[in-house]
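Read the structure below first, then the notes.
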Amino acid sequence: MTSRTVDEALGAAVFFKCENFQRTGSFKFRGALNAVSSLEPESRARGVIAFSSGNHAQAVALAARLLGTDATIVMPTDAPASKMAATLGYGARVVTYDRYRENREDIARRLADERGATVIPPFDHPAVIAGQGTAAAELIGEAGSLDALFVCLGGGGLLSGSALAAKALSPGCKVYGVEPAAGNDGQLSFRQGSIVRIEVPTTIADGAQTQALGQHTFDIIRRDVADIFTASDAELIDCMRFFVTRMKIVVEPTGCLGFAGARGLGRSLAGRRVGIIISGGNVDDRRLTDLFDV
Ligand SMILES: *Cc1c(COP(=O)(O)O)cnc(C)c1O
């Protein structure tokens with residue numbers, strides 16, 4: 001999508017890649033589908049496991065269903081009912097755990113051992129990274145070469161995949177990650193040259209509350225990303241409001257990070273061709289109106 005208002009505000013030609021329209025409502029479906037379809041047929045037949053209460057759960061559930069295998073999703077007992085219902089709706093089995101007393105990775109590992117199923121991680125896996133990179137590949141394929149590309153950053157699957165795609169298809173394009181100001185572990189890691197781990201950050205960007213980049217994602221980001229910026233919750237709400245009122249699209253708080261980062265640079269992007277990845281649109285109606293009320 002494009003917006004004349006955004007082009008005028010930034011003095012740039014801006015192209016939005018709208019993964020809020022992707023199946024399951026976020027780009028996570030790309031990595032999940034690529035990872036599940038990359039498994040050898042025998043291991044694929046034994047099923048897949050994910051531990052997540054967010055977009056990755058729904059993505060793995062749908063990928064497994066489309067590829068004819070079983071998905072088990074490990075979720076905390078207090079996960080939002082809407083997320084649990086969506087995951088069950090895609091045909092996955094949901095196993096719940098007490099987040100204060102049990103460790104989800106131990107549970108997933110035990111299920112994997114019992115059944116021979118494969119854990120599909122949310123970001124730190126080559127097939128997941130490659131899948132996530134197809135969003136930027138499609139954007140460049142359609143919009144043409146770019147001078148800059150802004151990408152939402154959590155654990156770095158989307159950013160590292162985007163950086164690889166841009167390097168191959170639009171050499172010279174500067175790729176920027178944008179993460180919540182409350183949890184800038186990616187920015188600290190990038191500047192310091194080693195992975196920094198933080199406490200779970202308090203932010204409305206629930207898809208980017210990761211505590212640390214992965215080893216694969218960090219290595220690619222360090223090599224191929226130009227810089228990492230941050231955005232405050234207030235800036236994210238402002239972007240959500242802009243998307244709804246001006247572009248008529250619903251974007252979840254985390255999905256606004258890329259646009260917030262580009263807006264933060266203002267006129268320094270003038271004259272450039274700029275890509276922005278909108279990473280997802282999963283926000284329930286009640287939360288949307290609550291956020292607009294503050
Ligand atoms: C997972 C997610 C992100 C962060 O992606 P990473 O690959 O973990 O960096 C951003 N936006 C949305 C909507 C997500 O679901």
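The values are calculated or read from the model by the stated rules, or taken from the named source; none is laboratory data. All values derive from a computational prediction rather than experimental measurement. Cβ: placed from backbone, ideal geometry, glycine included. Neighbour counts: every protein chain shown.
Taken over region 271-294, the criterion of being within 14 Å of PHE15 (Cα to Cα) and either in contact with a helix residue (DSSP H, G or I) (Cβ under 7 Å, 6 or more places away or on another chain) or of a type in the set (D, E, K, R) (or both) is satisfied by ARG272, ARG273, VAL274, GLY275, ILE276, ILE277, ILE278, SER279. Can you find even one residue in region 50-59 that is aromatic (Phe, Trp, Tyr), buried (at least 18 other Cβ atoms within 10 Å of the Cβ), within 16 Å of the ligand (Cβ to nearest atom) and more than 18 Å from GLN209 (Cα to Cα)? No, that holds for no residue.
Could you tell me whether any residue of region 183-190 is among the small types (Gly, Ala, Ser) and on the phi > 0 side of the Ramachandran plot? Working first, answer last.
Here is the first cut: in region 183-190, the residues among the small types (Gly, Ala, Ser) are 183, 186, 189.
Pick out the ones that are also on the phi > 0 side of the Ramachandran plot and you get none.
Within region 183-190, none of the residues are among the small types (Gly, Ala, Ser) and on the phi > 0 side of the Ramachandran plot.
In region 41-55, the residues that are touching a residue at least 40 places away in the same chain (Cβ under 8 Å) and outside any helix (DSSP H, G or I) form Cβ pairs under 6 Å with partners that are among the polar types (S, T, N, Q) and more than 14 Å from the ligand (Cβ to nearest atom), at six or more places apart or across chains, as follows: GLY47/THR69; VAL48/THR118; ILE49/THR72. A count restricted to region 1-17 and to residues that are aliphatic (A, V, I, L, M) and part of a loop (DSSP other than H, G, I, E, B) stands at 2.
Within the group THR210, THR217, which residue is assigned to a loop (DSSP other than H, G, I, E, B), within 11 Å of the ligand (Cβ to nearest atom) and within 15 Å of the chain's Cα centre (by Cα)? Can you show your working first?
Working: THR217 fails: assigned to a loop (DSSP other than H, G, I, E, B).
Only one candidate qualifies: THR210.
Restricting attention to region 212-264, the residues that are of a type in the set (Gly, Ala, Ser), surrounded by fewer than 21 Cβ atoms within 10 Å (Cβ to Cβ) and touching a residue at least 12 places away in the same chain (Cβ under 8 Å) total 4.
Just to be sure before I move on: is PHE21 at pLDDT 95 or above and in contact with a Gly (Cβ under 7 Å, 6 or more places away or on another chain) in the structure I sent? No: the conditions fail for PHE21. Screening SER53 against (1) modelled with pLDDT of 95 or more; (2) touching a Lys or Arg at 6+ places or on another chain (Cβ under 6 Å); (3) not hydrophobic (A, V, I, L, M, F, W, C) leaves a single unmet condition, (1).
Name the residues in region 135-160 that are more than 17 Å from PHE21 (Cβ to Cβ), away from the ligand (no atom under 15 Å from the Cβ) and not β-branched (Val, Ile, Thr), would you? Selection gives GLY144, SER145, LEU146, ASP147, ALA148. Here GLN132 fulfils each of the conditions (1) among the polar types (S, T, N, Q); (2) surrounded by 17 or more Cβ atoms within 10 Å (Cβ to Cβ); (3) more than 16 Å from the ligand (Cβ to nearest atom) apart from (3). The residue that is nearest to the ligand (Cβ to nearest atom), among those in region 238-273 that are assigned to a loop (DSSP other than H, G, I, E, B) and more than 20 Å from the chain's Cα centre (by Cα), is LYS248.
If I filter region 33-47 for residues that are charged (D, E, K, R), surrounded by fewer than 18 Cβ atoms within 10 Å (Cβ to Cβ) and within 14 Å of the ligand (Cβ to nearest atom), do I get at least one hit?
Here is the first cut: in region 33-47, the ones charged (D, E, K, R) are 40, 42, 44, 46.
Those still in the list that are surrounded by fewer than 18 Cβ atoms within 10 Å (Cβ to Cβ) too: 40, 42, 46.
Now restrict to residues that are within 14 Å of the ligand (Cβ to nearest atom): none.
No, because not a single residue in region 33-47 is charged (D, E, K, R), surrounded by fewer than 18 Cβ atoms within 10 Å (Cβ to Cβ) and within 14 Å of the ligand (Cβ to nearest atom).
Annotation for region 165-180: no member residue is among the aliphatic types (A, V, I, L, M), within 15 Å of the ligand (Cβ to nearest atom), part of a loop (DSSP other than H, G, I, E, B) and touching a Phe, Trp or Tyr at 6+ places or on another chain (Cβ under 9 Å). Is it the case, given these coordinates, that ASP147 is surrounded by fewer than 24 Cβ atoms within 10 Å (Cβ to Cβ) and touching a Cys at 6+ places or on another chain (Cβ under 7 Å)? Judged against the criteria, ASP147 is a match.
For region 109-129, state whether one or more residues are closer than 17 Å to PHE15 by Cα and within 13 Å of the ligand (Cβ to nearest atom).
Kept after step one, since they are closer than 17 Å to PHE15 by Cα, are these residues of region 109-129: none.
No, region 109-129 has no match at all.
Name the single residue that is modelled with the lowest pLDDT among those in region 62-115 being surrounded by fewer than 19 Cβ atoms within 10 Å (Cβ to Cβ) and part of a strand (DSSP E or B). Selected residue: PRO76.
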